[in-house]
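Only the coordinates and a few stated rules stand behind these numbers; no lab work does. Since the model is a prediction, treat every value here as computed from it, not as a measurement. Neighbour counts run over all protein chains shown; Cβ positions are idealised from the backbone, glycine included.
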């Protein structure tokens, strides 16, 4: 195997030893009808209607979709348009909590006895990739074993971004759920082996999982080099198996399925309790945060309440996610969604000035997919779509390595994202 490119970052895992605490119940939540990759859901309840915890309140008949559920019991007080970070909009339900947290009668453990019932249950749970992209999990599991046989399940516990420790806390607090979820998926999907992949900067988690799986030969704990972006899907597949997912391919084409640690553990808990995805563990950190913490919050909670709980003050920049791939938050009244794993608050937001490219090649050496960011930038600047395609801009995973290492502070990763949109359109 060739050496993977990438970069070494300061870990800044300030919350790694902090047990998860629960956020006080908010007075109101705003549940977005679009919380994962794919089609927006349609509301299933009306203004004035009472709802309960775990009740399905939005769904879609589209293939690429997952339902959404109420995280509180209370009354629907508004249905409105919500502006998303990507400039689009979706419908959102505003629910006034009654403080009782009455559980819905819909919350019953699913009956799972084969692949079909597993896939159906996972869809009903509202599960999607909790590591960031939000791909509906049931679609990933519903592969055709005749055309794309899967021999390896990879559980992604790399969590390579600075600050974020949400998946690490899952490994430390609920390791039995992670292992139970892996075994359940292996059983019903007939996958012979699992690799639980954890970056080497998490020795306590590696040791704990190794002890717990010592008598389970089909599950291997794989320590990964601590190098960003080790947790990216194509990167972790190569690191764990040596297989290369080609342009336009899904991991299943290489006999692999990748599941996030927290997603795997959630599916196991759902199989036992029937409680759908209604809360999320977050890392709250940054130099404007007085009380960094790992906190479990109801989905739909305003970001402002999360920041207040962590005593964030005098911040200029708020990120949902890590400093490398996170999204800037323009309005702290925006709600927590399924794919959030961190809220970071920083005091200064000054952007560096760009200077001319000095052709040093650092961006090329850093790119984990062997792209040529300098050439891609030039092709984008002249809107040369043919060159962008030839240079394989669609392979870019927006990891930000190129921008990070550039001594001229060129916005390379940012332009790649715009270039991908140009090519797509």
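Brief remarks follow.
- Contour minus Cα-Cα distance for residue 190 and residue 207 (0.36 nm per residue): 3.4 nm
- Once the chain from residue 148 to residue 106 is taken as fully extended at 0.36 nm per residue, the excess over their C-alpha distance is 11.7 nm.
- Under the shape rule built on the C-alpha gyration tensor, where the axes satisfy a ≥ b ≥ c, segment 258-380 is oblate, since a/c reaches at least 1.5 while a/b does not exceed b/c.
- Using a cutoff of 8 angstrom between alpha carbon atoms and counting only pairs six or more residues apart, the relative contact order for the chain works out to 18 percent.
- In nm, spacing of pseudo-spin labels at residue 200 and residue 356 (7 Å Cα→C-beta vector): 4.2
- Annotation for residue 10 and residue 383: the two label points, set 7 Å from Cα along the Cα-Cβ direction, are 4.1 nm apart.
- For segment 115-273, share of DSSP beta bridges that run antiparallel, in % to the nearest 5: 5
- Segment 1-142: C-alpha pair distances exceeding 19 Å, %: 62
- Over segment 362-424, Cα pairs under 8 Å with separation of 6+ residues give a relative contact order of 38 percent.
- log₁₀ of I(q)/I(0) at q = 0.10 Å⁻¹ - the chain, Debye sum with one point per alpha carbon: -0.71
- For the pair residue 79 and residue 42, label points projected 7 Å from Cα toward Cβ lie 1.0 nm apart.
- Using alpha carbons only, the radius of gyration of segment 362-424 set against its Kirkwood radius gives Rg/Rh = 0.92.
- Overall Cα dimensions of segment 115-273 - principal axes, largest extent first, Å: 39, 37, 30
- Antiparallel %, DSSP beta bridges [both residues in the chain], to 5: 60
- Here segment 304-355 and segment 395-425 have alpha carbon centers that stand 20 Å from each other.
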